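Here it is, the structure in full.
The values are calculated or read from the model by the stated rules, or taken from the named source; none is laboratory data. Note that the coordinates shown come from a computational prediction; the quantities given were computed from them, not determined experimentally. Cβ: placed from backbone, ideal geometry, glycine included. Neighbour counts: every protein chain shown.
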Amino acid sequence: MGNIAHRKSAIVIGSGFAGLSSAICLAAEGYDVTVIEKNSQTGGRARMLEAAGFRFDMGPSWYWMPEVIAQFFNRFGRSLDDYFHLQRLDPSYQVIFSQDQVVPIPADYEALKKLFESIEPGSGARLDAFLQEAGYKYEHGMQHFVRKPGQSITEFVDRKIFRSLFRMDMLTSFHKHVRKYFSHPRLLQILEFPVLFLGAEPAKIPALYSMMNYADMRLGTWYPLGGMHRLVAGMTTLALEMGVDILLDTEVFKLNVQDKKVKHVHTTRGCFSADVVIAAADYHHVDQHLLPPQYSSYSAHYWETRKMAPSCLLYYVGVNKKLPRLQHHNLFFESNFGKHAAAIYSTQSWPEDPLFYVCCPSKTDRTVAPPGMENLFFLIPTAPGLADNVTVRNHYFDMLMKRTAAFCGEDFTENIVFRQSYAHSNFVADYHAFKGNAYGLANTLGQTAVLKPSIRSKRVKNLFFAGQLTVPGPGVPPAIISGQIVADYIIKHHKRQVYESVI
Ligand SMILES: Cc1cc2nc3c(=O)[nH]c(=O)nc-3n(C[C@H](O)[C@H](O)[C@H](O)COP(=O)(O)OP(=O)(O)OC[C@H]3O[C@@H](n4cnc5c(N)ncnc54)[C@H](O)[C@@H]3O)c2cc1C
């Protein structure tokens with residue numbers, strides 16, 4: 001196994017996608033790897049909730065960029081099919097603008113162009129041009145930017161990268177960019193929805209992120225049968241196959257540093273040591289709470305001034321009847337997008353009349369709900385750092401049920417057989433999430449690449465960071481890439497035989 005003479009050891013804190021990914025990469029190179037996870041399941045924000053015969057994915061539900069995930073498994077001589085079956089959704093999702101203005105987004109590109117054309121004449125051809133540009137950003141972004149460790153600006157000093165920088169649209173706003181091609185409010189809303197989760201209003205997000213429209217409209221929306229948790233289970237199985245030890249229900253509460261190295265990782269189940277430590281738990285928590293203060297890479301002020309991506313208010317709901325008007329993914333956009341975005345990003349308050357998202361995986365998958373029932377996941381994106389309480393949760397629950405019932409044309413509140421909410425205080429309690437964030441740091445220009453918290457500790461030689469708060473950013477594929485970046489960085493320096501001087 002591997003090609004290193006002396007078997008090195010690694011401890012990975014956290015078993016989310018980033019932690020599992022880094023653990024698998026290091027184990028494949030012959031490292032002796034132990035993953036330490038505070039919760040009783042692997043997967044972090046993508047854990048599963050099993051109750052009353054339902055299986056709810058607790059976090060991610062959109063499976064985008066399937067090639068990134070497939071390549072991850074291929075790297076270890078595996079195929080996705082060894083672990084789960086992936087299905088493309090059609091329609092990819094539906095957007096509900098009002099009771100009778102419902103737009104299903106077809107998976108087929110020609111059908112999508114026709115749909116655009118029917119809403120705004122001429123927009124079908126302009127969609128070609130828009131997505132061609134977005135495709136360029138996606139391909140070049142994936143090739144030249146996304147997999148960089150972000151340790152130095154010199155990583156980007158290359159003629160090809162430099163040339164592509166101009167076409168990457170880093171300095172134009174996404175808001176302006178979309179309006180160069182389209183003007184109908186419904187098309188603008190469809191195209192702007194993916195950036196709602198990136199951490200700023202479309203006017204403040206670089207046009208670079210039209211690459212997400214390419215991921216959405218060209219690469220498609222997929223679903224692993226059994227639920228998103230199948231991906232977690234697949235990666236966990238792969239980790240075990242590689243010989244990784246996974247300790248669940250074990251919380252790290254202190255990192256002991258001697259001679260500028262982590263000597264001991266103190267956990268609720270004893271003390272561990274290894275050559276390298278990868279912190280794949282929330283970066284802020286490790287930097288500010290697990291390390292002695294003199295070894296933090298960043299100050300409390302630094303963290304306070306970071307712009308966080310949104311948090312969210314969630315409900316997992318089981319209904320003992322079928323709701324035919326819902327699709328697998330449903331975006332309820334019948335209220336004002338601008339006002340909701342302002343509540344998240346400007347006033348940082350609870351939104352008055354929010355947009356929301358409903359996932360109904362039981363449309364595609366009979367295994368996630370008892371026969372004849374629906375598995376519903378409701379999500380309202382909110383500002384991070386809000387105080388949530390029972391009154392707030394009940395208020396929005398009633399609002400969401402009313403709006404969904406109005407759309408479905410039937411009051412199903414009497415048919416609810418399971419209900420559980422999840423919000424900021426749960427993110428803090430379960431993941432030590434800074435300000436209860438759900439999606440990490442905002443993807444603004446000032447928090448991109450070398451400007452993100454570093455994958456390497458600035459003060460502790462053998463401590464590294466992975467996860468959605470460092471490069472490349474939030475989302476399932478980026479978190480997997482983040483684990484690969486940090487593992488490859490460690491392996492590369494080790495292979496060059498400069499291990500001791502660098503780490
Ligand atoms: C509600 C929601 C919906 C989302 N929807 C999507 C989507 O549809 N598509 C998409 O691509 N992305 C989505 N995302 C984003 C995506 O899920 C995350 O970016 C990704 O899962 C983050 O992975 P991670 O490994 O960085 O962090 P995490 O998953 O948070 O993993 C960190 C792990 O560290 C553990 N930990 C923390 N502190 C300690 C400690 N002291 N000791 C031991 N362990 C510790 C935690 O328990 C956790 O398991 C969503 C996120 C949320 C919250």
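Is there any pair with a first residue in the range 465-480 that is at positive phi and a second that is at pLDDT below 95 and near the ligand (Cβ under 7 Å from one of its atoms) whose Cβ atoms are under 7 Å apart and which are 6 or more apart or on different chains, and what are they?
Correct list of pairs: G473/G440.
Would you please name the residue that is farthest from the ligand (Cβ to nearest atom), looking only at residues in the range 185-231 that are out of contact with any strand residue (DSSP E or B) (no Cβ under 8 Å at 6 or more places or on another chain) and closer than 16 Å to H340 by Cβ?
So the residue we want is P185.
Only helices (runs of 4 or more DSSP H) wholly contained in the range 408-503 count here; list those with 2 or more residues that are near the ligand (Cβ under 10 Å from one of its atoms).
By residue number, 424-431, 476-495.
Scan the range 12-29 and tell me whether some residue there is outside any loop (DSSP other than H, G, I, E, B) and of a type in the set (D, E, K, R). Step through it out loud before you land on a result.
As a first pass, look at the range 12-29 and keep what is outside any loop (DSSP other than H, G, I, E, B): 12-13, 17-28.
If we keep only those that are of a type in the set (D, E, K, R) as well, we get none.
No, the range 12-29 contains no residue that is outside any loop (DSSP other than H, G, I, E, B) and of a type in the set (D, E, K, R).
Specify which of the listed residues (K38, K113) is away from the ligand (no atom under 16 Å from the Cβ), buried (at least 19 other Cβ atoms within 10 Å of the Cβ) and among the basic types (K, R).
K113
Need at least 1 residues that are farther than 30 Å from H329 by Cα and at pLDDT 95 or above per element, so show me which helices (runs of 4 or more DSSP H) inside the range 139-252 make the cut, counting only ones lying wholly within it.
Working: elements: 159-167, 174-181, 185-192, 211-214, 229-241.
So the answer is 229-241.
What tally of residues in the range 255-291 results from selecting those that are in a strand (DSSP E or B) and under 25 Å from C25 (Cα atoms)?
14
A further question on this structure: So, in the range 93-119, of the ones that are over 22 Å from S335 (Cβ atoms) and touching a residue at least 60 places away in the same chain (Cβ under 8 Å), which residue ends up farthest from the chain's Cα centre (by Cα)?
If we take residues in the range 93-119 being over 22 Å from S335 (Cβ atoms) and touching a residue at least 60 places away in the same chain (Cβ under 8 Å), then F116 is farthest from the chain's Cα centre (by Cα).
When G338 is evaluated against the numbered criteria (1) of a type outside the set (S, T, N, Q); (2) in a helix (DSSP H, G or I); (3) under 27 Å from R186 (Cβ atoms); (4) within 13 Å of the ligand (Cβ to nearest atom), which criterion, by number, is the only one it fails?
Among (1) of a type outside the set (S, T, N, Q); (2) in a helix (DSSP H, G or I); (3) under 27 Å from R186 (Cβ atoms); (4) within 13 Å of the ligand (Cβ to nearest atom), G338 violates only (4).
Among (1) touching a Lys or Arg at 6+ places or on another chain (Cβ under 9 Å); (2) surrounded by 16 or more Cβ atoms within 10 Å (Cβ to Cβ), which single condition is H85 missing?
(2)
Let me ask another. With the requirement that a residue be surrounded by 14 or more Cβ atoms within 10 Å (Cβ to Cβ) and of a type outside the set (D, E), what does the range 116-125 give you?
F116, I119, S123, G124 - these are the residues of the range 116-125 that are surrounded by 14 or more Cβ atoms within 10 Å (Cβ to Cβ) and of a type outside the set (D, E).
Enumerate the pairs (first residue in the range 201-216 and among the charged types (D, E, K, R); second residue anywhere and surrounded by fewer than 21 Cβ atoms within 10 Å (Cβ to Cβ) and outside any helix (DSSP H, G or I)) with beta-carbon separation below 8 Å, excluding pairs fewer than 6 apart on the same chain, so at least 6 apart or on different chains.
E201/S346; K204/S173; K204/T444; D216/W64
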